[in-house]
Amino acid sequence: MKTLDRYILSAYLKTFFSVFIILMFIFILQSIWLYISELAGRGLDLLIVFKFLWYVSPRLIPLVLPLTILVTSLMVFGGFSERYEFAAMKSTGISLQRAMRSLTVFISVLALTAFFFANNIIPYSEYKWQNLRRNLAQVSPSMVISEGQFSQIGEGFNIKVDKKYGENNEFLTGIIIH
């Protein structure tokens with residue numbers, strides 16, 4: 001690998017990983033916002049919440065990866081242009097295609113890895129995520145039922161409870177089943 005290839009690839013990878021982490025954090029926060037009703041106020045252990053987020057995060061990778069590649073390319077190549085590094089490459093006779101050869105190889109390997117990730121890991125994490133949600137509902141059914149609002153239990157059943165009380169919220173008052 002030539003010095004120029006190493007320089008371009010290292011600049012790209014540094015920016016790629018930092019942008020990926022930032023975008024992943026943003027998408028995880030958005031997932032927390034989507035599932036806040038299942039996580040907040042249920043008395044869940046912090047370990048269970050982190051496990052929930054761990055199982056949700058692989059499904060975000062196909063959303064985050066294209067954005068990461070786009071933003072990283074704009075940042076790195078914009079920086080090269082701003083510092084006249086592309087002009088220096090052109091003046092030495094290096095074409096744009098030749099300069100981007102190492103990135104083409106990296107993106108190709110990344111595409112293959114993303115394919116196998118989406119084919120194997122995402123379905124497994126979806127299974128574990130759904131299983132965790134189902135187990136939480138079966139182990140502690142009172143967690144599924146929220147006070148003062150209708151909660152769906154099973155197929156075609158909704159329940160509204162005015163108040164839950166007891167040591168483990170096992171007693172319910174003001175029950176309406178629809």
³J(HN,Hα), Karplus 6.51/-1.76/1.60, whole Hz, each residue of the range 91-106, x for Gly, Pro: 5, 8, x, 8, 7, 5, 5, 5, 5, 9, 4, 5, 6, 5, 5, 4
Do the sum for the chain: with -39,500 (n - 2.57) for every DSSP H run of n ≥ 4, divided by all residues, what is the mean residue ellipticity at 222 nm, to the nearest 500 deg cm²/dmol? -21000 deg cm²/dmol
Cβ-Cβ cut-off under 12 Å around ASP5, Lys and Arg +1, Asp and Glu -1: the net charge is +4
First select every other residue whose beta carbon is under 13 angstrom from the beta carbon of ALA118; then total the charges, Lys and Arg +1, Asp and Glu -1. 0
Order of exposure, largest accessible area first, which applies to VAL105, VAL76 with probe 1.4 Å: VAL105, VAL76
At 1.4 Å probe size, with no ligands or nucleic acids counted, give the accessible surface of ILE175 in Å², nearest ten. 90
How long, wide and thick is the range 55-104, going by the Cα atoms along their three principal axes, in whole angstroms, largest first? 50, 20, 10
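Multiply the residue separation of ILE121 and GLN30 by 0.36 nm, subtract the distance between their alpha-carbon atoms, and state the gained length in nm to one decimal.
Working: separation 91, 0.36 × 91 = 32.76 nm, distance 2.11 nm.
This chain segment gains 30.6 nm when fully extended.
Sorting ASP5, ASP162 by accessible area (1.4 Å probe), largest first, what list results?
Output order, biggest surface exposure first: ASP162, ASP5.
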Mean shadow area of the chain, taken as a quarter of the surface of its Cα convex hull (nm²): 13.8
Using a 1.4 angstrom probe and counting only protein chains, how large is the accessible area of ARG134 in Å², to 10? 130
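The values are calculated or read from the model by the stated rules, or taken from the named source; none is laboratory data. Note that the coordinates shown come from a computational prediction; the quantities given were computed from them, not determined experimentally. Note that each Cβ is placed from the backbone with ideal geometry, even for glycine, and that neighbours are counted across all protein chains shown. When the accessible area is computed, the model is the full protein with side chains, heavy atoms only, and any ligands, DNA or RNA have been set aside. Shrake-Rupley method; radii C 1.70, N 1.55, O 1.52, S 1.80 Å.
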